[in-house]
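The values are calculated or read from the model by the stated rules, or taken from the named source; none is laboratory data. Nothing here was measured: the structure is a model prediction, and the numbers come from that model. All Cβ positions, glycine included, derive from the backbone under ideal geometry; neighbour counts span all protein chains shown. For the accessible areas, the whole protein counts, side chains as well, though only heavy atoms, and no ligand, DNA or RNA atoms are used. Shrake-Rupley method; radii C 1.70, N 1.55, O 1.52, S 1.80 Å.
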Amino acid sequence: MGLRLRPVDTSFYVLLTESAQHLIRGASLLAEMLADGADHDDVARRMREAEHQADETTHAIVKKVNSTFVTPFDREDIYSLASGLDDVMDMMDEVVDMILLYEVKLLPAELSAQVEVLQRCAELTADAMPNLQSMQSQSLEEYWIEVNRLENAGDKNHRRTIAKLFSGEFKTIEVLKLKDIVEGLEEAIDAFEKVANTVEQIAVKES
Amino acid sequence: MGLRLRPVDTSFYVLLTESAQHLIRGASLLAEMLADGADHDDVARRMREAEHQADETTHAIVKKVNSTFVTPFDREDIYSLASGLDDVMDMMDEVVDMILLYEVKLLPAELSAQVEVLQRCAELTADAMPNLQSMQSQSLEEYWIEVNRLENAGDKNHRRTIAKLFSGEFKTIEVLKLKDIVEGLEEAIDAFEKVANTVEQIAVKES
Amino acid sequence: MGLRLRPVDTSFYVLLTESAQHLIRGASLLAEMLADGADHDDVARRMREAEHQADETTHAIVKKVNSTFVTPFDREDIYSLASGLDDVMDMMDEVVDMILLYEVKLLPAELSAQVEVLQRCAELTADAMPNLQSMQSQSLEEYWIEVNRLENAGDKNHRRTIAKLFSGEFKTIEVLKLKDIVEGLEEAIDAFEKVANTVEQIAVKES
């Protein structure tokens, strides 16, 4: 039996995957919130629950990083990943909260396109987390390239949506509300890109 | 006489405490600015003075970090603390400036609740700085937990305030002005939380 | 013949200078965009091209950092500089895009003052990059002090411009559009300051 200089503690990958799976749930609740006839109070309540569960996973990762002597990759990088994933959830929760609190009546169709980008990013991220263990550099590379591509598409859609809000079609006070919501969606997409960039940095270091 | 491998230079704690005390002054001037019948020009002038003094303390810390061979804790962490404290002051100064420049007539009561949060954060931060010297981990922990709790309360109050601005009660151009001010207050609270998080990281490392 | 412990690879300085020169081009296109009777579509198209070229230089730097064993200064600092320069270009490109998409009719004269600040920052930055090689600390210091001074002037101008937008002179929907544009200009100036701060940190470390 050989010596393993760096024993692999697989629970980190399990927890990071769990954290990314909360984001699939969050993005799906966001899609529900945008649907016609959605019960905003009920969806917001379930989003709050999902956000609390995501918080617990984040705390479990941080606690594990602090109490583990040899981590599978840099302590700081695990911390970045955990807080990066948590940031996505916080932004999605904030958007749901804004839709509830601002009592927005009409949500333009452009918002759904952004939520679809978020759902796709969440799936890709959850699929990528277990690949950190095997450092399957090719599949990890496909993941971060695709998330960057999605972020670019989301950015273009974002600018067009803001231009539409400014077109004169909406009351100015509604423009203000919708602009906050639209910017929240874009920040959530940016937060996914940041996670992908962290994964890229880890993969480059470990290769 | 024994050897001290890490001679403690207490002036760092003195300067960091001084820096936090400028924030007590800043938060108090902000409260004055919101009071009925406040002389906006006069308060803004005194805020500018307070901000210059805070800048001088920050520069004194940075200069001391650069010229000291053995710092009591990581050079980078002292720098983070100093610039974090400075960021709070800058944000409070910016809010006072906006109230002056935008010529806002009516400031909703919700703003005072946020300034109370800022005043409480400033006191807690000034009390915590000297405890960095003795690394009294329990009192430091109480500090950062309380600041995080205050930031959560401030965040909830923030979202409700924005929802109130959007309720139709205010003219749209006034909504725009007040939104900038309200967001400035929230950024100042966030900046306090960032300082608390830096203290937590230092305490965890040193423990 | 003596040994060189740290062989200087001058191509890093060439690429960083090239990156800063793209910013001179970007700032000049921004000025063109603001000019009376500008062909917005045509300027925006040329800005997109300039932004793509800047991206290529950024990628060339990152690739070089990853493939070079001994870099002239910290790998991380080169990366910070490259991405900092890239952030300026992205912000300037975003402003041009907003002017095009929002179909803003009247651009207040205050915007030109901010673009002049950007043009001056770009020139100073392009002049400073080659001085990193010789670590001419005096000329580097003059550069970062001047950029910080310009950022302060830009910040004052920014607050006054926002106050003007809020003065009642403009339609509220136009205020919203112009505020986005004005904030974009300020972020571009901030991004120049961040580059200058990175240069300062490098110079302090190397001195």
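The lysine pair tally for the stretch B:167-207, using Cα distances under 27 Å and a gap of 8 or more places or different chains, is 4.
Of the chymotrypsin sites (Phe, Trp or Tyr not before Pro) found in the stretch B:49-113, those in coil by DSSP whose Cβ has at most 10 other Cβ atoms within 10 Å are B:PHE69. Legend: residues B:LEU29, B:LEU34, sorted from most to least accessible area (1.4 Å probe; ligands, DNA and RNA excluded), read B:LEU34, B:LEU29.
In this assembly of identical copies, the label point of C:LYS105 (Cα plus 7 Å along Cα-to-Cβ) is separated from its counterparts by 2.7, 2.7 nm, sorted shortest first. Of the residues C:GLY84, C:HIS59, C:ASN157, the one whose Cα sits farthest towards the positive end of the charge dipole of the stretch C:11-206 is C:ASN157 (charges of +1 on Lys and Arg Cβ, -1 on Asp and Glu Cβ, taken about the Cα centre). The smallest convex shape that holds all Cα atoms of the stretch C:11-206, its convex hull, gives 99 Å³ per residue. Chain B residue nearest by beta-carbon to the axis mapping B to C, with distance in Å: B:THR172, 3. Accessible surface buried at the A:C interface totals approximately 1000 Å², computed with a 1.4 Å probe on protein heavy atoms. Based on C-alpha pairs under 8 angstrom that are at least 6 apart in sequence, the stretch B:112-190 has a relative contact order of 41 percent.
Counting from the shortest, the label point at C:GLU123, 7 Å from Cα toward Cβ, is 5.3, 5.3 nm from the same position in each remaining copy.
Here the stretch A:114-207 has an Rg and Dmax of 16.3, 54 Å, counting Cα atoms alone. B:VAL175 sits with roughly 0 Å² accessible to a 1.4 Å probe, with DNA, RNA and ligands left out of the calculation.
Mind listing, in residue-number order, the residues in the stretch B:173-194 that have at least 50 Å² less accessible area with every protein chain present than in their own chain alone (1.4 Å probe)? The answer is B:ILE173, B:LEU176 - residues whose exposure falls by at least 50 Å² when every protein chain is included. Here the accessible area of the stretch A:11-206 is 47 percent carbon and sulfur, with a 1.4 angstrom probe and all protein chains present. Note on chain C: helix-only mean residue ellipticity at 222 nm, from DSSP H runs of 4+ residues weighted -39500 (n - 2.57) and normalised by residue number, equals -28000 deg cm²/dmol.
Note on the stretch B:50-106 and the stretch A:121-163: Cα centroid distance 37 Å, given to the nearest whole angstrom. Ordering B:SER112, B:THR71, B:ILE24 by the projection of their Cα atoms onto the charge dipole of chain B, which places +1 on the Cβ of Lys and Arg and -1 on the Cβ of Asp and Glu, puts B:THR71 at the extreme positive end.
Computed over the stretch B:36-121, the alpha-carbon pair-distance distribution with 10 angstrom bins reads 15, 37, 27, 15, 6, 0, each value a whole percent.
Annotation for the stretch A:32-136: trypsin sites (Lys or Arg not before Pro) lying in DSSP loop with at most 11 further Cβ atoms inside 10 Å of their Cβ are A:LYS105.
Compared with the rule-of-thumb size 2.2 N^0.38 Å for a compact globular protein, the stretch B:71-159 has a Cα radius of gyration ratio of 1.30.
Looking at the stretch C:147-207, the trypsin sites (Lys or Arg not before Pro) that sit in a DSSP loop and have at most 16 other Cβ atoms within 10 Å of their own Cβ are C:LYS171. In the assembly of identical copies, C:VAL14 has its label point, taken 7 Å from Cα in the direction of the beta carbon, separated from the corresponding points by 5.3, 5.4 nm (ascending, one decimal). Which shape class applies to the protein assembly as shown: rounded if a/c is under 1.5, otherwise prolate when a/b exceeds b/c and oblate if not, where a ≥ b ≥ c are the square roots of the Cα gyration tensor eigenvalues? Rounded shape, in that the Cα axes give a/c under 1.5. Mind checking the per residue accessible area of the stretch B:12-93 for me, 1.4 Å probe, whole number of Å²? That works out to 46 Å² for each residue. Taken about its Cα centre, chain B carries a charge dipole of about 340 debye when Lys and Arg each add +1 at the Cβ and Asp and Glu each add -1 at the Cβ.
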